[in-house]
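The values are calculated or read from the model by the stated rules, or taken from the named source; none is laboratory data. Keep in mind that what you see is a predicted model, and the values were worked out from it rather than measured. Cβ placement follows ideal geometry from the backbone for every residue including glycine, while neighbour counts extend to all protein chains displayed.
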Amino acid sequence: MKPSETWTEFLKLAPRTIEVVDFEGKTRRFKLEGGEREHFGYDLFVREEAQQENGYYFKAFSHSSPHEALEKLINTVRSELSTRHLEPSSHSGPPTLMCDKARGRVVYCGVVIDGKLISWPDFMRMSSSYEGWEFSLKFTPCSTS
């Protein structure tokens, strides 16, 4: 099958939304989007429907099949939503980390951790509680494996 036929068939069968339960037991709904890279592979990504700009965002790529990209994407979303990084009480007040590490995404006005936008000033306040500690900062492309 030519790649364009593969993509066309995938679009006929693929879900338009994906629902995943997070670390709180809350069902989060994601809109599935993506495209075919001509002669190269398939990109798929999801954004949380409730918070389009500054919420959860994940993506996956496959050289061979959009179905493989979808499987990678769903596994990534499940894995990432299973871990809480912010203290539950911090959803109403200033954010605080549950432990000494967090995972998230950089956006224009701050960072997104646990699907919550943390402004740069709040992120700096949160980080200042670790004054005197050493740290390692690593930037990686958004889940493209």
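Annotation: of all residues in region 86-100 being more than 18 Å from the chain's Cα centre (by Cα) and closer than 16 Å to Gly55 by Cα, the one that is surrounded by the most Cβ atoms within 10 Å (Cβ to Cβ) is Pro95.
Considering region 101-141, the residues that are in a loop (DSSP other than H, G, I, E, B), surrounded by fewer than 18 Cβ atoms within 10 Å (Cβ to Cβ) and small (Gly, Ala, Ser) include one that is modelled with the highest pLDDT, namely Gly132. Condition test on Arg78, is it closer than 20 Å to Thr140 by Cβ and at pLDDT 95 or above? So Arg78 passes the test.
On the given criteria, is Thr83 among the hydroxyl-bearing types (Ser, Thr, Tyr), surrounded by fewer than 18 Cβ atoms within 10 Å (Cβ to Cβ) and touching a residue at least 12 places away in the same chain (Cβ under 8 Å)? When the stated conditions are applied, Thr83 passes them. Every test in (1) at pLDDT 90 or above; (2) over 19 Å from the mean Cα position of the chain (by Cα); (3) at positive phi is passed by His39 save one, and that test is (1).
Criterion applied to Glu71, Glu33 was being free of Cβ contacts under 8 Å to residues at least 24 places away in the same chain, part of a strand (DSSP E or B) and either over 12 Å from the mean Cα position of the chain (by Cα) or not assigned by TED's automatic domain parsing to the domain that holds Val20 (or both), and the one residue passing it is Glu33. The lone criterion from (1) out of contact with any helix residue (DSSP H, G or I) (no Cβ under 6 Å at 6 or more places or on another chain); (2) buried (at least 19 other Cβ atoms within 10 Å of the Cβ) left unmet by His39 is number (2). Taken over region 81-100, the criterion of being part of a loop (DSSP other than H, G, I, E, B) and modelled with pLDDT of 90 or more is satisfied by Ser82, Thr83, Arg84, His85.
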